[in-house]
Amino acid sequence: MNAAVIRRLLAMGQGDGLRAQLVRGAMGVGGLKLLSLPLTLATSILLARALGPEGYGKYAFVMAMIALLALPIGPGLGQLVTREVARYHHGEDWALFRGLLRRANQWVLLGSVVIISAVAIVAGHNAAWAVDDRWTLLFIASLMLPLLGLNALRSHTLRGLRHVFQAQLPELLARPAFHLVFAGVLLVSGALTPASALGSQIAATGLAFLLGAWLLSRYRPAQIKQADPDYRNGEWGRALLPFTLLAAVSTLNAQIGILALGWLGTDEDVAALQVAQQGAMLVVLSLTIVNLVIGPHITRAHREGDKARLQQLSRQSARAALAVSLPIALAFILFGGPILHFVYGEAYAATATWPLAILALGQLVNVAFGSVGMFLVMTGHERDTLNGQLIALIVNASAAVMLIPFLGVIGAAVAVSFGLLTWNAVLAAKLVNRLNLRPTAF
């Protein structure tokens with residue numbers, strides 16, 4: 001990026017207009033993503049090479065299971081908190097603001113205790129208590145659940161307050177940086193195993209939580225401390241269910257390949273798909289940044305009935321994301337084998353090249369559709385998003401069950417891409433019907 005481009009971006013970010021706000025947000029979060037990316041990739045490469053395909057496959061499978069177990073206390077609650085915080089902040093309803101945060105923290109802590117207890121009971125009957133045993137690893141990893149839930153709560157609260165950069169700082173920068181350092185120390189000391197790698201994750205998540213708690217205390221509106229908390233338990237509870245179901249279906253769509261391969265395939269297959277998915281996530285990176293930035297803006301424009309602004313948000317954000325993702329996808333589709341061989345080694349290049357190409361193409365289509373899910377969720381149509389996700393999950397899971405026994409990791413990649421295409425097509429139709437907006441970048 002030359003100096004002229006940088007100056008132009010800085011000029012576009014001046015002022016209080018919509019484009020200026022989006023450019024500032026994208027540059028801030030995008031900068032964090034760009035800093036986070038090498039940290040995450042370095043950790044992935046370190047673990048994949050040091051643990052080998054079998055050990056790395058077990059680690060990846062357990063982390064996918066943790067993503068599912070965290071659903072009631074993490075992503076679903078976070079989406080609700082972002083929307084409600086944006087609404088209460090806009091309306092200066094500090095009593096409900098404080099009551100929401102108190103109830104959310106209580107829910108995370110109680111839910112974590114219940115889930116960890118359930119995992120401990122099941123693991124107690126099945127675990128071999130070895131450093132490479134799946135049930136042992138799952139119990140160790142479950143200890144990070146309260147930290148994951150509390151981290152998500154603080155991040156989504158800051159997002160609702162439109163402090164997008166600060167919201168992502170613990171998760172995008174602090175956690176991967178600490179994880180890389182801890183894993184590197186374990187590798188040098190000869191103590192890196194699937195179990196100690198999970199211990200490194202727990203320690204890194206704990207330090208990220210401390211940073212997130214400090215950021216929230218700093219940027220939380222001062223009026224909250226003087227307000228007596230008010231509660232709408234019934235309203236929040238009813239809203240939480242669809243948000244949690246939506247997060248559950250979304251997570252299953254993202255993890256179904258890993259989970260299905262974990263039960264129907266081998267640990268080596270899981271490792272290959274994990275490597276391919278991490279590469280393909282680079283394709284959708286630009287859309288992820290866009291979604292982090294535009295959420296509160298969608299809510300405000302919808303509340304003000306500004307359809308022109310909503311259409312502008314949809315079109316501009318989709319085009320910007322696609323322009324960035326297209327060259328990345330083409331590189332993985334055309335030169336995935338040499339890239340994998342150089343980065344991860346021959347063992348992964350032999351198994352992950354075709355899955356990487358398939359997933360890169362699927363994510364490119366995903367980006368081209370734009371932020372269809374975010375628009376529906378942030379305008380109160382999360383049930384439509386849930387229906388679309390359910391349809392996509394059925395397609396994804398059915399294809400995985402049919403294809404994995406015959407095609408292995410390639411079948412899992414095809415199933416995931418089918419699910420992405422189905423999800424976007426259904427949600428695009430819902431967006432046109434509900435909001436009369438034209439989705440996609442075209």
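Per-residue answers, yes or no, for (1) within 22 Å of Leu285 (Cα to Cα); (2) surrounded by fewer than 16 Cβ atoms within 10 Å (Cβ to Cβ); (3) touching a strand residue (DSSP E or B) at 6+ places or on another chain (Cβ under 7 Å); (4) not small (Gly, Ala, Ser):
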position	(1), (2), (3), (4)
Lys33	yes, no, no, yes
Ser36	yes, no, no, no
Thr40	yes, no, no, yes
Ser44	yes, no, no, no
Met65	no, no, no, yes
Leu69	no, no, no, yes
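Listed conditions (1) under 30 Å from Arg232 (Cβ atoms); (2) at pLDDT 90 or above; (3) not hydroxyl-bearing (Ser, Thr, Tyr) are all met by Val85, apart from (2).
Within the group Ala318, Ala347, Ala271, which residue is at pLDDT below 85 and touching a Pro at 6+ places or on another chain (Cβ under 9 Å)? Quick ask: steps written out before the conclusion?
Details: Ala347 fails: at pLDDT below 85; Ala271 fails: at pLDDT below 85.
Testing whether each residue is at pLDDT below 85 and touching a Pro at 6+ places or on another chain (Cβ under 9 Å) leaves just Ala318.
A residue that is in a loop (DSSP other than H, G, I, E, B) and either modelled with pLDDT under 95 or under 17 Å from Val62 (Cβ atoms) (or both) occurs somewhere in the stretch 162-182.
For the stretch 350-361, enumerate the residues that are of a type in the set (Gly, Ala, Ser) and buried (at least 24 other Cβ atoms within 10 Å of the Cβ). Lay out the reasoning, then the answer.
Quick first cut of the stretch 350-361, residues of a type in the set (Gly, Ala, Ser) only: 350, 352, 357, 360.
If the condition is that a residue be of a type in the set (Gly, Ala, Ser) and buried (at least 24 other Cβ atoms within 10 Å of the Cβ), then Ala352, Ala360 are the ones that fit.
Here Arg218 passes the criteria (1) crowded, with 19+ Cβ neighbours inside 10 Å; (2) in a helix (DSSP H, G or I) except the one numbered (1). Exactly one residue out of Leu386, Leu403, Leu437 is over 23 Å from Ala247 (Cβ atoms), surrounded by fewer than 24 Cβ atoms within 10 Å (Cβ to Cβ) and touching a residue at least 40 places away in the same chain (Cβ under 8 Å): that is Leu437. Any residue at all in the stretch 220-227 that's within 26 Å of the chain's Cα centre (by Cα) and within 30 Å of Tyr56 (Cα to Cα)? Checking the stretch 220-227: not a single residue is within 26 Å of the chain's Cα centre (by Cα) and within 30 Å of Tyr56 (Cα to Cα).
Going by what's in this entry, would Ala195 be described as of a type in the set (Gly, Ala, Ser), farther than 25 Å from Trp129 by Cα and in a helix (DSSP H, G or I)? Spell out the reasoning first.
Values: of a type in the set (Gly, Ala, Ser): yes; farther than 25 Å from Trp129 by Cα: no; in a helix (DSSP H, G or I): yes.
Here the answer is no, as Ala195 does not meet what is asked.
Let's see how each residue does on (1) assigned by TED's automatic domain parsing to the domain that holds Ala368; (2) without any contact (Cβ under 8 Å) to a residue 24 or more places away in the chain; (3) touching a helix residue (DSSP H, G or I) at 6+ places or on another chain (Cβ under 9 Å):
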{"site": "Val284", "(1), (2), (3)": "yes, no, yes"}
{"site": "Ile289", "(1), (2), (3)": "yes, no, yes"}
{"site": "Val293", "(1), (2), (3)": "yes, no, yes"}
{"site": "Glu304", "(1), (2), (3)": "yes, yes, no"}
{"site": "Arg309", "(1), (2), (3)": "yes, no, yes"}
{"site": "Leu330", "(1), (2), (3)": "yes, yes, yes"}
{"site": "Leu334", "(1), (2), (3)": "yes, yes, yes"}
{"site": "His341", "(1), (2), (3)": "yes, yes, yes"}
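The values are calculated or read from the model by the stated rules, or taken from the named source; none is laboratory data. All of these numbers come straight from a predicted model, not from anything done at the bench. Glycine gets a Cβ as well: all are built from the backbone with ideal geometry, and neighbour counts include every protein chain shown.
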